[in-house]
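Below is one structure, written out as structure tokens; comments come after it.
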Amino acid sequence: MKILGIETSCDDTSMGIVENGKCVSMVRTTSEEFHKKFGGIVPEIAARKQLEIFTFILEDLIDKLNINLKDLDGFSVTIGPGLVGSLLVGVEVARTLAYSLKKPLVGINHLEGHIYSIFFDNKINFPFQTLIISGGHTILIIFEDHLKYKILGETVDDACGEIIDKIGRKLGFQYPAGSELDKLAIKGDPSYYKFSTPRFKEKEKEYNFSFSGIKTEVLNIIKKGNFNLENLIASLFHSIYESLIKNIKKVYDKTGINKVSVVGGVSASKFLRKTFLNEKDFEFYFPSFEFSTDNGGMIALVGEEYFKRGYESNVFQIDAVSSLEINKNPFIYKKSGGDYE
Ligand code: KG4
Ligand code: ZN
């Protein structure tokens, strides 16, 4: 099967071709530079840039993918969660391509894309824990089997990429600050500052995360001035790590599952990768860097998985949705009719 995946949930525009589980080509462009002076993503600019990219360079991008669209078996597109204006552009492009070429279409949850990104470079057997850490999400799940996820916990306030970006902004770094701060973290002393790791007493929240307290503590140090930048950032990354590993260990204690995939933009952090890999009782897996941040390949891969199992979406019904839980997708049906199970 040869599937084209389209990802436009935020400021990245990416298309990838997946053939039998392998990403054979991928293109990516981003409107990142247009948001820099605002210190964060401006949704209207992101949507307008998505539209410009598809209006003016769609043919160029398809040329770069090195594919004849007629040879494809189907299209796969991110429907959410994300910025609706940006998502809509991808959805309309995918709908138009699928309809005009008379190929099937499937609308994909962006988070499922990140979850599946692990398979491009790793062989890993079910079940395993998956930690999604990105600019918008921090979620811990058990990946039980293909397309089956048990959600255990998520952040109750900021996502961990979000606090890294916000602190970076305060320090004068351009958005997104993750990779620049990561370089500083590697050089600093992670035990220099001690930040609190939140605890949830309620049973139903035991696998949740909270990062806003750490953010406030770091911002207070910045406000006071006279701090060592590398040590501060290393300590910040280390305390994010402590929050993450605490819940992973809890899941291990309850289930015995010691294989963990870490995905999403923040999983590109060299500091975090190195620290996770020091945990001797666990096997940690990461996507390659090109598949850590938003990309069309991961969307095509999930699409292929749905098509293989007889699921698809209706080209006329499919729509963009700003928030969407991992286990919920209102637009996927079994080909023979009936609901998405
Ligand atoms: O998954 P992603 O591309 O977009 C979302 O779905 O949010 O993640 C973007 C996030 C941003 O917060 C960015 O600062 C962070 O990933 N990021 C990093 C690194 N590269 C990107 N954070 C830490 N270290 C990195 N090397
Ligand atoms: Zn993402």
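State all residues of the stretch 117-130 that are in contact with a helix residue (DSSP H, G or I) (Cβ under 6 Å, 6 or more places away or on another chain) and more than 12 Å from ligand 2 (Cβ to nearest atom); if no residue qualifies, say none. Hits for the stretch 117-130 are Phe120, Gln129, Thr130.
Can you go through Gly161, Gly168 and tell me which one is in contact with a Gly (Cβ under 9 Å, 6 or more places away or on another chain), within 14 Å of ligand 2 (Cβ to nearest atom), part of a helix (DSSP H, G or I) and modelled with pLDDT of 95 or more?
Just a single option satisfies the conditions, and that option is Gly161.
Scanning the stretch 52-91 for residues that are under 30 Å from Thr138 (Cβ atoms) and either open to solvent by 50 Å² or more (accessible area, probe 1.4 Å) or without any contact (Cβ under 8 Å) to a residue 12 or more places away in the chain (or both) returns Val84, Leu88.
When Lys249, Lys223, Lys274 are checked against the criterion of being surrounded by 14 or more Cβ atoms within 10 Å (Cβ to Cβ) and either in contact with a strand residue (DSSP E or B) (Cβ under 6 Å, 6 or more places away or on another chain) or not hydroxyl-bearing (Ser, Thr, Tyr) (or both), Lys249 stands alone in meeting it.
Taken over the stretch 173-204, the criterion of being farther than 27 Å from Lys250 by Cα and more than 25 Å from the chain's Cα centre (by Cα) is satisfied by Lys187, Gly188. Of everything listed in (1) within 16 Å of ligand 1 (Cβ to nearest atom); (2) within 17 Å of the chain's Cα centre (by Cα), the single unmet condition for Gly303 is (1).
The single residue among Phe143, Phe200, Phe173 that is over 19 Å from Glu242 (Cα atoms), out of contact with any Gly (no Cβ under 8 Å at 6 or more places or on another chain), part of a loop (DSSP other than H, G, I, E, B) and away from ligand 2 (no atom under 16 Å from the Cβ) turns out to be Phe173. For the stretch 127-142, a residue qualifies if it is surrounded by 21 or more Cβ atoms within 10 Å (Cβ to Cβ) and either without any contact (Cβ under 8 Å) to a residue 40 or more places away in the chain or over 15 Å from the mean Cα position of the chain (by Cα) (or both), and exactly one does: Gln129.
Those residues that are part of a helix (DSSP H, G or I) and either without any contact (Cβ under 8 Å) to a residue 24 or more places away in the chain or of a type in the set (Asp, Glu) (or both), I need them from the stretch 235-273; list them, please. Hits for the stretch 235-273 are Glu242, Lys249, Asp253, Lys254, Arg273.
The values are calculated or read from the model by the stated rules, or taken from the named source; none is laboratory data. Not measured: the values here are computed from a predicted model. In this analysis, Cβ positions are derived from the backbone assuming ideal geometry, glycine residues included, and neighbour counts consider all displayed protein chains. These accessible areas exclude ligands, DNA and RNA; they are computed on the full protein's heavy atoms, side chains included. Shrake-Rupley method; radii C 1.70, N 1.55, O 1.52, S 1.80 Å.
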